[in-house]
Amino acid sequence: MSQRRRAIEVFTLSFLDCICCGFGAVILFYTIVSARSGLDQMPATDALSAEVSRLEERLRAGRRSLATLHDTLDATRTEAAAATAQSNTLAAELARHSAQVSNYDATHLSREARIAKLRADIQALQEGTRRLEAGSDEQAPPGQDVTPFRRTGADRRYITGLKLHGRRILILLDVSASMLHEDLVSILRLRNADDATKRAAAKWRRAVDIVHWLLSQVPPGSAYQIQTFNTRAQPLPGEPAGKWISGGDLPQIARDLEALQSLVPADGTSLYLAFAAARTLSPLPDQIVLITDGLPTQGRTAAPRKYVDSAARARLFDEAVGQLPEHVPVDSVLLPMQGDSEAAHRFWHLARTSDGSVLMPARDWP
């Protein structure tokens, strides 16, 4: 029996094993080559990554600097706008001051011309006075010229009708804020001014001149006191309370006149406290001369309301009159004050009931 030949197979298991091993070797070779290539390129990649990181950091720093520059630019623009506005304001203020200086120069020249004219008028009046004095044979009665007043003596008493006749003369001087001016708006303005401006107020200077004139009228042998009052009553600075001063004590009169120059009008008016202080003096005065400009604004204590109407002020005046010593004449010098229409009637009634007088002097007196 013949033996069958076995068929030859090309793709046997051994052949496939060889093929797979060959392919595996090739893949392993390429894997090894790729890994080696990756290891070789890693330092370069790290360097590039570091460079990228550095560039990104510089970019972020640049962006931060740009934001800061934007903020600085905005602040600079704002400051420039503010500086421009301030420059415009200063330019307008400079223009206004320049206009004021121009107006002041014109006013100053006009005032100098008026002053020169007034000096000429004064010189002419003085010449006329000297001629009248030279041609007059009548002399003023003695005993009324203790101190000179403005170098003209004191003979204007005969025009006013106000005569000092007491043995103890009490002068009550109103030093409230209303003595700064006769107009309420001007009083409010001057009340906030400095002390020098207050002392130089025309109405206050006139009140001081009236006291000066009264001191020149104190008869020989008589004594006087000066009491000031606003929201309280007190003697002149440096004067003991209740001391009567001889009308012939010229050094003391000079000190009192100097003390008057230091007073500054302020606060409200309490006539109640002034009259109550007069009642406490010992011995009592036998003549009171009151220098004021209207009805009081408070009584014994401050008014509960900020503003006091005319009816309330009239009641306060009546209460104050009740504090006067009995049988003492009150001579009132009433300076002008706008809006106080009741004052003249009330002080006139006080003059009648006390056997005194009331004087509403002209603007050029004393």
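The values are calculated or read from the model by the stated rules, or taken from the named source; none is laboratory data. Because the structure is predicted, anything quoted here is derived from the model rather than measured. Note that we place each Cβ from the backbone using ideal geometry, even for glycine, and neighbour counts take in every protein chain shown. In case anyone asks, the SASA skips ligands and DNA or RNA and just uses the protein heavy atoms, side chains included. Shrake-Rupley method; radii C 1.70, N 1.55, O 1.52, S 1.80 Å.
Think of a 1.4 Å ball rolled over the protein heavy atoms: the chain then has 65 Å² of accessible area per residue. The phi torsions of the range 47-52, fed into the Karplus equation with coefficients 6.51, -1.76 and 1.60 and a -60° offset, translate into couplings of 4, 5, 4, 4, 5, 5 Hz, rounded to whole numbers, with Gly and Pro shown as x. Can you tell which of Ile169, Ala259, Pro237 lies farthest toward the positive end of the dipole of the range 167-270, using +1 and -1 charges on the Cβ of basic and acidic side chains (Lys, Arg; Asp, Glu)? The residue sitting most towards the positive pole is Ile169. Where (1) 48.2; (2) 22.8; (3) 18.4 are the candidate values, the label of the one calculated here for mean projected area of the Cα convex hull in nm² is (1).
Put simply, the amide H of Ser176, placed in the peptide plane, has neighbours under 5 Å in Ala266, leaving out anything fewer than 5 places away on its chain.
Candidate cross-link partners of Lys117 among the aspartates and glutamates, defined by an alpha-carbon separation under 17 Å and a same-chain spacing of 8 or more, comprise Glu127. With contacts taken as Cα pairs under 8 Å and at least 6 residues apart, the chain reaches a relative contact order of 15 percent. Among residues other than Phe317 whose Cβ falls under 10 Å from its Cβ, what is the net charge (Lys/Arg +1, Asp/Glu -1)? Result for the neighbourhood of Phe317: 0. Packing-based ranking of 209-217, 58-66, 240-248, 227-235 yields 209-217, 227-235, 240-248, 58-66, ordered from highest to lowest mean Cβ neighbour count within 10 Å.
Spatial offset of the range 273-305 relative to the range 197-248 amounts to 14 Å, using the alpha carbon center of each. Counting charges near Thr197 (Lys, Arg +1; Asp, Glu -1) among other residues having Cβ under 14 Å from its Cβ returns a value of +4. Phi angles of the range 205-214 translate, via the Karplus equation with coefficients 6.51, -1.76, 1.60 and θ = phi - 60°, into HN-Hα couplings of 4, 5, 5, 5, 5, 5, 4, 4, 5, 5 Hz per residue; Gly and Pro are given as x. Taking H as built 1.01 Å from N, whose amide H comes closer than 5 Å to the amide H of Val333, not counting residues under 5 places away? Those qualifying (amide H under 5 Å, at least 5 residues apart or on another chain) are Leu290, Ile291, Thr292, Leu359. Ignoring ligands, DNA and RNA, what percent of the 1.4 Å accessible area of the chain is carbon and sulfur? Heavy-atom surface of the chain belonging to carbon and sulfur, 1.4 Å probe: 58 percent. Please list, ordered by chain and number, the residues whose modelled amide H lies under 5 Å from the amide H of Gln287; skip anything fewer than 5 residues away on the same chain. For Gln287, the qualifying residues are Arg168, Leu170.
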